[in-house]
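**Q** Okay, here's the structure, questions in a sec.
Just so it is clear, none of the values below were taken in a lab; they were calculated from the coordinates. Given the structure is predicted, the values throughout are model-derived calculations rather than measurements. All Cβ positions, glycine included, derive from the backbone under ideal geometry; neighbour counts span all protein chains shown.
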Amino acid sequence: MNADWPLSADMLHLNHGSFGAVPRFALEVQAALRAEMESAPVRWFAGLPRRLAAARTEIARFLRTAPDTLALVPNASAGVSAVLAGLPFPHGGEIIVTDHGYGAVVMGAERLARRRRGTVRTVHVPLDAGPDEAAAAVLGAITARTALIVVDHLTSPTARFLPVDLIGRAARERGIPFLVDAAHVPALLGDPLAGLDCDAWVGNLHKFGCAPRSTGVLVARGPHTRALHPLVDSWGAPLPYPERFDVQGTLDVTATLAAPATLTGIEARWGWSTIRSRATELAGAGAAVVAAAFTAITGEDHAVPVGMPAGPMRLVRLPGTLGTGPGAPDALRARTLDELAAECAFGQFGGVGYLRLSAHAYSTLADFEEFAERCVPALARRR
């Protein structure tokens, strides 16, 4: 695998979940596209909407949705912003989010609420809650003022799924718009939209999908699509959804155009189902090794019981108050990078600090074992 990925051999790469990793062949596809763009810019940009429409069709096929439901966006956050700007939201309305929500998305919901003199209600979902308990927590918060529900398909800070199928069904029955933040989900699930009823679903192809950065999708259905526009108005503004997203002016979209070749190339080389199965098994085993290493030092249990665990992404509880407090996770990530040469994700939930581990095709159990032997003692000393 080392020949297939340009990852530094001097680092431990245990955080695929945050920014992904791009295989060499995909970078070569993107480089060829960029060279073509620079060789004849006028021809390139004149033909760009046609090429983007073709890429959109291939990506929709991979995600098993219709091409006329899928728009291309730079990333999941851009897709969320387009939805929050376009969906009807009444003055004084209420938005429901959970305490597992991604910070940038929650901040976007709060900005919308401020503009309309509304409110954001944050629902607590226990980390170990199963699908019925998690759905009941969200649906139990609905009031007569609820005008939008925003829920993660797979949570970033806590590495768990949420029952978006159950929530979406109930939201539809009540006539409440439902937005699903699925930033981590494309390629991580084989059929991510199966059984899901929502007004909009956004995801990244540059996370588990390993496409060049930054490539995202917005999937939307129904009458609300008429109000969805890209964040920048351009010559495509009069076009219908999703074609208007294909005309974005002078942008370098070679990453998006390389995404279909990345998705099909990974399938041909290793097989997505094989990668998902292996990464899930490896992340579970690796998290157990790391948790056991902490336990050997602290005498405490560092395994984390997570309801609806997220396969290739797992949590390990940090000792003491490590990783808690304002800015603590980012500071711990920076120190771990600089002092231990390890790429990791840290977060906090309910006043507890967590290490979030991720696995992908290039990961090995030896990576987690080295982290347990070399990095865990250093982290434990910081508690």
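**Q** Highest GNM mean-square fluctuation, the chain, Cα pairs closer than 10 Å: which of V42, V289, V138?
**A** Fluctuation is largest for V42.
**Q** Would you mind checking which residues have amide H under 5 Å from N15's amide H? H placed 1.01 Å from N; only 5 or more apart, or other chain.
**A** Amide H neighbours of N15, under 5 Å, 5+ apart: S358.
**Q** Nearest 0.05, what FRET efficiency do T122 and S39 give at R0 = 56 Å with Cβ-Cβ as r?
**A** On the way: r = 51 Å, r/R0 = 0.91.
Here the calculated transfer efficiency is 0.65.
**Q** Convert each backbone phi in the range 304-312 into a coupling constant with the Karplus relation 6.51 cos²θ - 1.76 cosθ + 1.60 (shift: θ = phi - 60°), then list the ³J(HN,Hα) values in order as whole Hz, x for Gly and Pro.
**A** Rounded to whole hertz, the list is 10, x, 10, x, 6, x, 9, x, x.
**Q** Over the range 232-383, what is the relative contact order in whole percent, taking alpha-carbon pairs under 8 Å and six or more residues apart?
**A** On the way: 191 pairs, mean separation 36.0, N = 152.
Relative contact order comes out at 24 percent.
**Q** Ordered by residue, what ³J(HN,Hα) values in Hz, to whole numbers, does the range 241-250 give under the Karplus form 6.51 cos²θ - 1.76 cosθ + 1.60, where θ = phi - 60° and Gly and Pro are x?
**A** So the J values, rounded to whole Hz, are 6, x, 4, 5, 6, 7, 10, 10, x, 8.
**Q** List every residue whose amide H lies under 5 Å from the amide H of L148, counting only residues 5 or more places away in sequence or on a different chain, with H placed 1.01 Å from N in the peptide plane.
**A** HN-HN under 5 Å from L148: E94, I96.
**Q** Efficiency by 1/(1 + (r/R0)^6): what FRET value for D330 and T264, r their Cβ-Cβ distance, R0 = 41 Å, to the nearest 0.05?
**A** Values: r = 36 Å, r/R0 = 0.87.
Efficiency computed from Cβ-Cβ geometry: 0.70.
**Q** Return the long-range amide H neighbours of V123 (sequence gap of 5 or more, or a different chain), with a cut-off of under 5 Å between placed amide H atoms.
**A** Under 5 Å from the amide H of V123 lie the amide H atoms of V97, T98, D99, each far enough along the sequence or on another chain.
**Q** What is the dipole size for the range 303-380, taken about its Cα centre, with +1 at each Lys and Arg Cβ and -1 at each Asp and Glu Cβ, in debye to the nearest 20?
**A** Using only the charged Cβ atoms, the result is roughly 320 debye.
**Q** When Lys and Arg each count +1 and Asp and Glu each count -1, what net charge do the other residues less than 12 Å away from L127, Cβ to Cβ, add up to? Provide the component values of the computation, followed by the final result.
**A** On the way: positive: R160, R317; negative: D99, D128, E133.
That works out to -1.
**Q** Can you order the peptides 243-253, 100-110 by their average number of other Cβ atoms within 10 Å per residue, highest first?
**A** Ranking, from highest mean packing down: 100-110, 243-253.
**Q** Ranking I297, I95 by Cβ neighbours within 10 Å, fewest first, what do you get?
**A** Details: I297 15, I95 26.
Final ranking by Cβ density, sparse to dense: I297, I95.
**Q** Dividing the Cα radius of gyration by the Kirkwood radius, what Rg/Rh value follows for the chain? The partial results should precede the final answer.
**A** Values: Rg = 21.1 Å, Rh = 21.6 Å.
Ratio value, two decimals: 0.97.
**Q** Ranked highest first by the average count of other Cβ atoms within 10 Å around their residues, in what order do 176-185, 30-39 fall?
**A** Details: 176-185: 25.7, 30-39: 14.7.
Top of the packing list down: 176-185, 30-39.
**Q** Within the P(r) computed for the range 271-381, what percentage of the Cα pairs occupies the region above 23 Å?
**A** The answer is 24 percent, as a whole percent.
**Q** Run the quick spin-label model on D10 and D252: label points 7 Å from Cα toward the beta carbon, then report their separation in nm to one decimal.
**A** In this crude label model, D10 to D252 measures out at 2.4 nm.
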